[in-house]
Amino acid sequence: MGNTLRALVAFIPADRCQNYVVGDLREMPLDRTVDLSGRQLRRCPGHVCSFGELVKLYLSDNHLNSLPPELGQLQRLQILALDFNNFKALPQVVCTLKQLCILYLGNNQLCDLPGELSLLQNLRTLWIEANCLPRLPDVVCELRLLKTLHAGSNALRRLPGQLRRLRELRTIWLSGNLLADFPPVLLHMPFLEVIDVDRNGIRCFPSLAHLSGLKLVIYDHNPCRNAPKVAQGVRRVGKWAEETPEPDPRKARRYALVEEDSPESPAPAPAPPPLPPPNA
């Protein structure tokens, strides 16, 4: 009953109804964090924008498709969570929050990102997974301090060559896209520590042994014919990983040729030689 009532009052724009959902939030919390996740909100409460010292704002799992321009007053904001909403375009006001370090935009309906996102030069973590991106927006390659990029569950078929500019990037998650080949640009990024290309369409992996910083590569659920070669100590998760030895393609071919040349009814295997007597 409580959830149903919240859903009903969220349709009504009156402040008193939104107050029921948001609660008695008229003063900035001492920890400078506001969490309004899962409140069935259809608009961001305006009075939150007056908390000029706010550092963390969580608006996840609501029904938001826009943000008020007053949000730009939160110039100390470092973490902003907008995931699991209804955004079809990133509100421009987000690009004015220049102290942002972590931005969650996953599970929306974004098809692109605005060029103004490059103003967020303090951004370290960007989550854009489960959107409608047909390509990785070029502006991502301008976020020079980016360390973690989550871009899984989109419709990416390739990565831009400019991605190698992100020399601080350590983790890239690309699972659930449409990659038919391992992205060549990643071969020129020896500083990467984690590469996730799970659930794509990659059929052949190049050697990753030269990537000196690599610690983990996830390549499971690809129609691959080989496992990526990696340096000693690098963990692989996927077909023919550490637990199962990868077949040698040359031996596999020789075995196939032998099978083709063998008669339909192969001769029985010769009996093993007798064991020597115990005193021999």
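Nothing in this text is a laboratory measurement; each read-out follows from the coordinates by a stated rule. All values reported here derive from a predicted model rather than from experimental measurement. Every residue, glycine among them, receives a Cβ derived from its backbone with ideal geometry; neighbour counts consider all protein chains shown.
A few points about this structure:
- Projected area, mean over directions - region 110-259, Cα convex hull, nm²: 9.3
- The calculated FRET efficiency for the pair Arg165 and Thr125, based on their C-beta separation and a Förster distance of 25 Å, comes to about 0.90.
- Pairwise label distance in nanometres, Ser207 with Asn86, each label 7 Å out on the Cα-Cβ vector: 5.4
- Volume per residue that the Cα convex hull of region 135-224 spans, once the total is divided by residue count, Å³: 76
- The calculated FRET efficiency for Lys239 paired with Glu193, based on their beta-carbon distance and R0 = 22 Å, is about 0.50.
- Of the residues Leu156, Pro184, Leu126, the one whose Cα sits farthest toward the positive end of the charge dipole of region 110-259, with +1 on the Cβ of Lys and Arg and -1 on the Cβ of Asp and Glu, is Pro184.
- Cβ crowding within 10 Å, taken as a proxy for footprinting-reagent exposure, orders Met189, Met28 from fewest neighbours to most as Met28, Met189.
- Gain upon complete extension [Arg135, His221; 0.36 nm per residue less C-alpha separation]: 28.8 nm
- Sequence-separation-based contact order of region 26-122, relative, with Cα cut under 8 Å and 6+ spacing, percent: 23
- Remark: spin-label model distance Lys98-His63 equals 3.7 nm, labels positioned 7 Å along the Cα→Cβ axis.
- Charge tally in the Cβ shell below 13 Å around Leu100, where Lys, Arg are +1 and Asp, Glu are -1, Leu100 excluded: +3
- Counted by neighbouring Cβ atoms within 10 Å, the residues Val237, Val34, Val217 run from fewest to most as Val237, Val34, Val217.
- Estimated distance in nm for a label pair at Asp112 and Arg32, the labels positioned 7 Å out from Cα along Cα-to-Cβ: 3.6
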